[in-house]
Structures are given as structure tokens and as C-alpha cells.
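These notes concern the structure reproduced below.
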Amino acid sequence: MSLFDRAVARALPAVPKPVVQLFSQRYIAGSTLQDAVDVVHRLNDEGKVATIDVLGEEIAREDEARAIAQAYRDVFAAIERDALSSNVSIKLTALGLDLSYDLCRENVDSIVAQGKFVRIDMEDASTTDETLRLYRELREDGHDNVGVVLQARLRRTLGDIAALADLRPNVRLCKGIYPERSAIAFTDYEAIRANFVQALRALSAVDGAHVAIATHDEWLLGEALRALPPSYEFQMLLGVREERASRLVREGHRVRIYVPFGEQWYQYSLRRLQENPAMAGTIARSTVTRLLGRGE
Ligand SMILES: Cc1cc2nc3c(=O)[nH]c(=O)nc-3n(C[C@H](O)[C@H](O)[C@H](O)COP(=O)(O)OP(=O)(O)OC[C@H]3O[C@@H](n4cnc5c(N)ncnc54)[C@H](O)[C@@H]3O)c2cc1C
């Protein structure tokens, strides 16, 4: 990423919302469940499977958290009705984690009780302990249809893999999108990559583990393809490197695409635009053009 793009990425929260929306359309299925269903049909036709995310995070009220849980039950009904190859990904702060652990647990239970696979996304490092605690509780209560996420960015991740090993865990491994302090996280690009490779090796050695390799990084894809875990899939985000995902499918690998939908698109969109190596500069140029009155 150029210095200019980096500066723009940091300034993105100041960009008008309609501009952010325009440039983030490719990352989001749309605002309704039907939009997500349509996208998953398209992906399934291309031989890809999906995981559907109801957008929303850091919910401030109990009724909002309960509404998100209901939205996930509706997603499962749609998956069933349309016979879609998809599971769901949930965020604990969307289900009330910041309000109370018990409320969040109740909401998660109501989703997990549907019996279909549920992936618990990992959010910023202030939530890691409670997320892993909830995952363990669910698994120890006999819910095998649950998986969790570990972030290669975090220094603790190799330790977390060792601690989870007795559960024969289902883990999505990603770099981690949330900026964290250097005391707890690797901040250097190559160090994060190196920890990703180490974590992938460690997970491959865990008896009974299923590993979802979630990256668009060509170098990491190469490392993974050289030494695949016994049970694995690749995962990518909607709107990112779709051709690469198709090639993996053609080569015989299972590829799952993360499909977010919903009204609360703003925070997710900001994160995607900030990590897109080219998009920040494009947005900046478009915004400047508008400000100068030369836009369409
Ligand atoms: C399925 C899935 C689920 C995820 N779940 C979580 C989670 O629960 N918690 C969490 O913290 N993080 C999650 N992430 C995000 C992840 O942590 C990274 O922030 C993200 O995947 C970018 O890292 P990368 O490995 O693709 O490498 P990068 O080095 O960021 O990207 C590699 C290349 O991919 C392309 N690329 C990447 N991002 C974009 C973009 N936005 N637009 C256009 N091109 C792009 C570019 O060509 C770039 O050079 C998830 C990612 C995926 C794929």
C-alpha cells in the first residue's frame, strides 16, 4: 500500500457515507435476506459454498441483540427452504456480548439450537477470552455444530491452539483485521504471515481439527497448498479475488465465501475499504473530484 493510500485509509471515517456505500457495494450482498439468498445461489452455481453474516456489531440495546438472533433464525429458514449450501457466521457483540455474557449466551443458544453449523467470528482482542470461553462451553455442552476463529496477528494464538486441542476444534484461521497494540500483537506484515504459517502447521497437527484457511494472500495460499491440513477448506470474502476462488474450486478444493447482508453495512464496509490496497486512493480521487465540482 502506498503512503498516499495508507493516509487515505486512515481518513476514511471522514468520507461521506454515500461514497463509502458506493465503493463497498462489491463486499456486501445487499440490505435484505433475499439479497443474500440470491448471492448464495450464484455462488453455489459456481461450485462455492457460503457463510452468511447478518451485519451488526457492538449492539447497545437488548432488543437489538434479540432482533439479530431472530434474523439468524430467519437465515436458517431461508437456507432450508432454498436448499442452499451455506452456514452462518455470527459476531458476539451483535448478540449482546457488551451488554451481558448471559444475554449473549442465550441468543447464541437460540441460533445453535437450529442444529446447522455456526461460526463464531473473532472481534477485537478485548473479546478474545470471552469468545473462546463461549466456544468451549458450547462444545462441552455437546454442540458440535460450532466453530471459532483465531487471528494470526495475535501473539497468543499458538497458545490458544494448544488450549483448544482437546475439543478437536473447528477453526477459521485468518490474519485478523482489528488493529491491536504491539504488546499483544504482531504489527509487521511479514511477522503476521510467519505466525499464520506456524498456526496453520500447529492446527494441522491437532487430532480431529478442521481448518478453514481464510486468506486472499497469494503467498499464504501457496504455503497452505504445499502442506494442506488433513481436514480443511479455503475461505474468502465476497467481492475479493473471486477469480482466485474459482480457480481453487476448479482444482478440487472446497471454497466458502463470506456473504454479509443487512442495513448496518457501515463499519464492515470501512474495514474492507481500509484493507483494500487500491481502493482508498480511488475513493480519495473520486471525493476530491466531487468537491471540485467535476464529478458526475
Ligand atoms: C472468510 C473470512 C472470514 C474472516 N473472518 C474474520 C474474523 O472473524 N475476524 C477477523 O479479525 N478477521 C476476519 N477476516 C479478515 C482477515 O483477518 C483479514 O483482515 C483479511 O482477510 C485480509 O487479509 P489477507 O489474508 O487476505 O491478506 P492481505 O495481505 O490483506 O490481502 C492479500 C491480497 O488480497 C486482496 N485483498 C485483500 N483485502 C481486499 C479488499 N478488501 N479489497 C480488495 N482486495 C483485497 C489484495 O489483492 C491483497 O493484496 C476474515 C477473512 C476472511 C477471508
Checking ILE213 against (1) near the ligand (Cβ under 8 Å from one of its atoms); (2) crowded, with 17+ Cβ neighbours inside 10 Å, only one condition comes out false. Which one? (1)
Which of the residues spanning the range 1-24 are closer than 14 Å to TRP265 by Cα and surrounded by 13 or more Cβ atoms within 10 Å (Cβ to Cβ)? VAL19, VAL20, GLN21, PHE23, SER24
Return the total of residues in the range 16-53 being within 16 Å of the ligand (Cβ to nearest atom), outside any loop (DSSP other than H, G, I, E, B) and touching a strand residue (DSSP E or B) at 6+ places or on another chain (Cβ under 7 Å). 10
Could you give me the residue pairs with C-beta distances under 8 Å whose first residue belongs to the range 86-114 and is over 10 Å from ILE59 (Cβ atoms) and basic (Lys, Arg), whose second residue is at pLDDT 95 or above and buried (at least 17 other Cβ atoms within 10 Å of the Cβ) wherever it lies, and which are 6+ apart or on separate chains? ARG105/LEU134
Hey, any hits in the range 31-49 for a residue that's surrounded by fewer than 18 Cβ atoms within 10 Å (Cβ to Cβ) and modelled with pLDDT under 95? yes
Which one of ILE177, ILE161 is under 21 Å from the mean Cα position of the chain (by Cα) and more than 13 Å from the ligand (Cβ to nearest atom)? ILE161
Could you count how many residues in the range 160-197 are closer than 26 Å to ALA50 by Cα, β-branched (Val, Ile, Thr) and outside any helix (DSSP H, G or I)? 2
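Could you check the range 200-223 and list, in sequence order, the residues that are among the aliphatic types (A, V, I, L, M) and assigned to a helix (DSSP H, G or I)?
First, the residues of the range 200-223 that are among the aliphatic types (A, V, I, L, M): 200, 202-203, 205-206, 209, 211-214, 220-221.
Those that are among the aliphatic types (A, V, I, L, M) and assigned to a helix (DSSP H, G or I): LEU200, ALA202, LEU203, LEU220, LEU221.
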How many residues are in a loop (DSSP other than H, G, I, E, B) and within 17 Å of the chain's Cα centre (by Cα) when one looks only at the range 224-253? 4
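The values are calculated or read from the model by the stated rules, or taken from the named source; none is laboratory data. All of these numbers come straight from a predicted model, not from anything done at the bench. We place every Cβ from the backbone using ideal geometry, glycine too, and count neighbours over all the protein chains shown.
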